[in-house]
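Q: Let me give you the structure first, and then I'll get to my questions.
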């Protein structure tokens, strides 16, 4: 059971409020492109495994998952791969500025491993282009995040992402699994990810515009007299065109703006047994591109300091496990009923605080507030004793 004291929750909300705007200089990354990047679900053939051992565990001695209920175990020398189709990002890649970010959380089981990320790039005909590699640390005594960012070569359409563990020495008798696999040493892995930067722009776009502007100025000076005559002849036509196009320009601007706001409707401050409690959330969301999709998180802080998170499951409305209420949203403008019930004697008495926030798709605001993408809507009620 996860318990978050009220003081800590207040500090967390303060930090979230301080970072609840889109950062202009923060690259917008795609959703995680890996299939089953953690061990929460049973594996099929999402990961390619070469040599060594690869399995999912709920614990390893006194080690438990980074988050969730399961993590991966890499035994001995292992190459773990996934092939990722990035054709949807072709325009960004061929502009020359696209980047990929690969990472994961590691903790050492036993041994002296040498770990690395390998990224191989292929064109539309599956022809090998080039590859990047980065040595990383995977021998920490606690869960530690490792990541690397690389530039994507022009023409890339498929990427092979590889997590490689090389165990140069034997670990006979030392492994947690020594009884069944005495030759293996173990690296534990959780929450892997692979993103492509989806907000890249064409290189030298500004300088190109400057060159065009200079060229236009020079041509304008050479043809000044002719241009003046043409402008007089076409003045009326241009004015009509501008008036006719004004609405179109306004429409374009409105579709590219990002709007995010959340508000709870007004509630009574104090409720007693028999009162009907209604909590409504007004949602207003319009993102500029599909790469800026968000998740909606709704949480209730109970009088004892615990947090309940609203879920997407109709038969389990709330959970102690941090999770979004709605995922991958791009447009949402409505009023949602969060709670509707009659106050009964069995309910815990005291202060209840309701929170709602839009968060960057796939991110957990309980781990980091950098993904917050809206204001933090807050409302409070008290369940009193009769």
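Just so you know, all these numbers are worked out from the coordinates, no wet-lab data involved. The structure presented is a predicted model; accordingly, all values stated were derived computationally and were not measured. Glycine also receives a Cβ, built like all others from the backbone with ideal geometry; neighbour counts cover every protein chain displayed.
Q: State the extension gain, in nm to one decimal, for the chain segment bounded by residue 127 and residue 141, taking 0.36 nm per residue of separation less the distance between their alpha-carbons.
A: 1.0 nm
Q: Mind ranking 40-46, 347-353, 371-377, 289-295 by how tightly packed they are, going by the mean number of other C-beta atoms within 10 angstrom, highest first?
A: Taking the mean over residues of other Cβ atoms within 10 Å, the ranking is 371-377, 289-295, 347-353, 40-46.
Q: Taking Cα pairs under 8 Å and at least six residues apart, what relative contact order does the stretch 260-383 come out at, in percent?
A: It comes to 35 percent, rounded to a whole number.
Q: Using per-residue counts of other Cβ atoms within 10 Å, averaged over each peptide, order 91-101, 138-148 from highest down.
A: Per-residue Cβ counts within 10 Å, averaged per peptide and sorted highest first, yield 91-101, 138-148.
Q: Share of antiparallel DSSP beta bridges in the stretch 260-383, in percent to the nearest 5?
A: 95 percent
Q: Using a simple spin-label model with points 7 Å from Cα along the Cα→Cβ vector, what separation in nm is obtained for residue 90 and residue 308?
A: 5.0 nm
Q: Sticking with the crude label model, points 7 Å out along Cα→Cβ, report the distance from residue 81 to residue 134 in nm, one decimal please.
A: Each label point is offset 7 Å from its Cα along the Cβ direction, giving 2.0 nm.
Q: Could you calculate the contour length gain from residue 112 to residue 380, that is, 0.36 nm times the residue separation minus the distance between their Cα atoms, to one decimal place in nm?
A: 91.3 nm
Q: Using a 7 Å offset from the Cα along the Cα-to-Cβ direction at both residue 275 and residue 43, what is the distance between the two label points in nm, to one decimal?
A: 5.3 nm
Q: On to the next question. Take peptides 70-79, 306-315 and line them up by average Cβ neighbours within 10 Å, highest first, as a rough protection proxy.
A: Ranked by mean Cβ neighbours within 10 Å, highest first: 70-79, 306-315.
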